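Below: the structure, in structure tokens.
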Amino acid sequence: PLETPSLKISFDAAFQSYAKKSCSGIAGKNSEGTVLGSRMIINNHARTYPFAAEALACLQTIQVVLDLGYRDVVIEGDSRTVVKKLHAQNEDGSVISAYITDAKSLSEICDTCIFKHVLRKENGLAHLLVTEGFEGAKQLIWWKGCLCLVLVRWKRIGGGQTRRISC
């Protein structure tokens, strides 16, 4: 019988069409549900399709999994379209097909790689990462096992100097 994969990793994406930017959020938990880490990636010159941002986030998730050396993984995302295309046997020629093809190819390196659709409410940490990802004044940090938002402001003081203020 197959053992439970050692890592469950969630991805989400946000897209700003006017800036041609997307943000990928990736969050990993072990089989006990303990958060192992997260990553937020700002993608400049992004394609102008929201599904492309989700497909790119999925591809970046697989790259992170492989870079960390995991080979048994469940990858969860809240984009039903992307997950369906990852399960499809044939290429459909859509604008995201290159990302899907690359994601499928990289996933074959894993011993077990299961793609799963989840509701946004089940994808909370990855969604938080992308929601805050475009906010340049906020940083996400780990503190005592929790993800915390820290507001960082730079205040101009006399003589052109700046000072960092955390709230």
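Can you list the aspartates and glutamates whose alpha carbon sits under 17 Å from that of Lys29, skipping same-chain ones fewer than 8 residues off?
Output for Lys29: Glu3, Asp12, Asp67, Asp72, Glu76, Asp78, Glu122.
Let me see the pair-distance distribution of region 4-135: every alpha carbon pair, 10 Å bin width, integer percents in order.
Calculated P(r), rounded to whole percents: 14, 48, 33, 5, 0.
Using the basic label-point model (7 angstrom from Cα toward the beta carbon), what is the Leu36 to Asp67 distance in nanometres?
Rounded to a tenth, the inter-label distance reads 1.5 nm.
Set the Förster radius R0 to 25 Å, insert the Cβ-Cβ distance between Ser105 and Thr131 as r into 1/(1 + (r/R0)^6), and round the FRET efficiency to 0.05.
0.25
Could you derive backbone 3J(HN,Hα) for region 104-112 from the dihedral phi with the Karplus parameters 6.51, -1.76 and 1.60 (θ = phi - 60°), listing whole Hz in sequence and x where the residue is Gly or Pro?
4, 4, 5, 5, 5, 5, 6, 5, 9
Provide the FRET efficiency to the nearest 0.05 for the Ser17-Arg120 pair, computing r from the beta carbons and using R0 = 25 Å.
Calculated value: 0.80.
Go through 120-127, 96-103, 7-14 and give me the packing order, highest mean Cβ count within 10 Å leading.
7-14, 96-103, 120-127
Sorting check: for 106-113, 60-67, which peptide has the highest mean count of neighbouring beta carbons within 10 Å, and how do the rest follow?
Averaged packing, sorted descending, gives the order 60-67, 106-113.
Kindly sort His45, His87, His117 by accessible area of their heavy atoms, largest first, with the probe set to 1.4 Å.
Solvent-accessible surface, decreasing: His45, His87, His117.
Could I get the Rg over Rh figure for region 77-116? Both from C-alpha atoms, Rh via Kirkwood, rounded to two places.
Ratio of gyration radius to Kirkwood radius: 0.94.
Which FRET efficiency value, to the nearest 0.05, do you get for His87 and Asn44 by plugging their Cβ-Cβ distance into 1/(1 + (r/R0)^6) with R0 = 25 Å?
0.25
The values are calculated or read from the model by the stated rules, or taken from the named source; none is laboratory data. Everything quoted here is computed from the prediction, not taken from an experiment. Positions of Cβ are generated from backbone atoms using ideal geometry, with glycine treated the same way; all protein chains shown enter the neighbour counts. Surface areas here come from the heavy atoms of the whole protein model, side chains and all, with no ligands, DNA or RNA. Shrake-Rupley method; radii C 1.70, N 1.55, O 1.52, S 1.80 Å.
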